[in-house]
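The values are calculated or read from the model by the stated rules, or taken from the named source; none is laboratory data. All figures in this text were calculated on a predicted structure; none of them were measured in a lab. So basically every Cβ, Gly included, is an ideal-geometry build from the backbone, and we count neighbours across all protein chains shown.
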Ligand code: ATP
């Protein structure tokens with residue numbers, strides 16, 4: 001097992017946001033975490049990437065193992081640089097006053113593997129050709145969809161081999177949404193392990209091998225994408241009946 005979250009309890013101050021979450025992701029898998037707003041999906045990703053308090057969640061029980069090693073005492077930058085786990089965050093956490101190229105470049109700051117960096121630029125621009133046309137454009141002037149592509153591109157430029165995605169389809173028109181998922185599928189087929197949060201459960205279950213359903217800080221169902229798609233409760237709550 002590559003990632004193993006075991007009975008994880010997490011708090012923000014006095015509020016407990018995760019109450020004993022367990023999930024696993026195997027090398028090369030695409031796994032999705034679905035659930036309503038406030039269920040604890042973003043908290044789960046931010047706990048894996050060790051976003052520090054006060055903004056980040058504080059672990060009060062359980063463990064996060066990566067290749068059998070606990071990540072709990074590891075700092076956020078080490079998670080990216082040594083463990084090669086990167087998060088493409090929700091919304092538009094890109095630097096609006098920098099160009100597309102500068103945003104991508106910034107993500108490589110700690111890397112010295114020049115050839116691999118070159119290959120990663122190529123990969124990002126192959127996956128998202130729109131970013132090539134907009135290399136020199138300030139990121140704040142990109143469309144919402146292009147900004148999402150850039151957020152994913154930036155995560156890839158860290159040289160990660162495990163990608164955490166927080167709602168990559170957020171705000172995208174349907175055509176761009178399918179483009180995004182096509183790109184993610186390609187990445188996964190190239191060997192990238194993916195853990196994806198997605199509001200659009202239908203799309204997420206078409207993309208992923210397996211999924212977990214979260215509700216108010218707990219995992220309430222899990223299974224293969226097919227099993228979840230056919231689960232009556234999941235259908236009713238997340239797939240529109
Ligand atoms: P969404 O789809 O709306 O992003 P989510 O499933 O990702 O929802 P989280 O953002 O993880 O849910 O939130 C889980 C719970 O933790 C919610 O009750 C939320 O209000 C709370 N929470 C999240 N971030 C913080 C924070 N920085 N400080 C305090 N409480 C927080």
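Of 57, 52, all but one fail to be crowded, with 21+ Cβ neighbours inside 10 Å and within 16 Å of the ligand (Cβ to nearest atom); the exception is 57.
Residues that are assigned to a loop (DSSP other than H, G, I, E, B), in contact with a strand residue (DSSP E or B) (Cβ under 6 Å, 6 or more places away or on another chain) and in contact (Cβ under 8 Å) with a residue 40 or more places away in the chain do not occur anywhere in region 69-78. For residue 104, the criteria (1) away from the ligand (no atom under 15 Å from the Cβ); (2) crowded, with 22+ Cβ neighbours inside 10 Å; (3) farther than 21 Å from residue 149 by Cβ hold in every case but one, which is (3). Only a single item in (1) in contact with a strand residue (DSSP E or B) (Cβ under 8 Å, 6 or more places away or on another chain); (2) modelled with pLDDT of 95 or more; (3) more than 22 Å from residue 46 (Cβ to Cβ) is not met by residue 97, and it is number (2). Scanning region 46-63 for residues that are touching a helix residue (DSSP H, G or I) at 6+ places or on another chain (Cβ under 6 Å) and over 20 Å from residue 110 (Cα atoms) yields 56, 57.
The strands (runs of 3 or more DSSP E) found wholly in region 131-220 and carrying at least 2 residues that are within 12 Å of the chain's Cα centre (by Cα) and either crowded, with 18+ Cβ neighbours inside 10 Å or at pLDDT 95 or above (or both) occupy 162-166, 193-197. Counting only residues that are on the phi < 0 side of the Ramachandran plot and part of a strand (DSSP E or B), region 13-60 holds 18 of them. When restricted to residues that are surrounded by fewer than 19 Cβ atoms within 10 Å (Cβ to Cβ) and closer than 17 Å to residue 44 by Cβ, region 63-89 contains 6.
Condition check: under 19 Å from residue 165 (Cβ atoms), out of contact with any helix residue (DSSP H, G or I) (no Cβ under 8 Å at 6 or more places or on another chain) and within 13 Å of the ligand (Cβ to nearest atom). Does residue 43 satisfy that? Yes. Which one is nearest to residue 197 (Cα to Cα), of the residues in region 120-144 that are out of contact with any helix residue (DSSP H, G or I) (no Cβ under 7 Å at 6 or more places or on another chain) and free of Cβ contacts under 8 Å to residues at least 24 places away in the same chain? Looking at residues that are out of contact with any helix residue (DSSP H, G or I) (no Cβ under 7 Å at 6 or more places or on another chain) and free of Cβ contacts under 8 Å to residues at least 24 places away in the same chain, I get 143.
Do we find a residue being touching a strand residue (DSSP E or B) at 6+ places or on another chain (Cβ under 6 Å) and surrounded by fewer than 16 Cβ atoms within 10 Å (Cβ to Cβ) anywhere in region 31-41? Looking for residues that are touching a strand residue (DSSP E or B) at 6+ places or on another chain (Cβ under 6 Å) and surrounded by fewer than 16 Cβ atoms within 10 Å (Cβ to Cβ), one finds none in region 31-41, hence no. Of the listed requirements (1) in contact (Cβ under 8 Å) with a residue 24 or more places away in the chain; (2) surrounded by 13 or more Cβ atoms within 10 Å (Cβ to Cβ), residue 24 misses just one: (1).
Of all residues in region 145-178, exactly one satisfies the criterion of being closer than 14 Å to residue 207 by Cα, in contact with a helix residue (DSSP H, G or I) (Cβ under 8 Å, 6 or more places away or on another chain) and more than 16 Å from the ligand (Cβ to nearest atom), namely 177. Just one residue in the set 91, 61 is in contact with a strand residue (DSSP E or B) (Cβ under 9 Å, 6 or more places away or on another chain), at pLDDT below 95 and more than 18 Å from residue 159 (Cβ to Cβ); that residue is 91. Among the residues of region 221-241, none is identified as crowded, with 22+ Cβ neighbours inside 10 Å and on the phi > 0 side of the Ramachandran plot.
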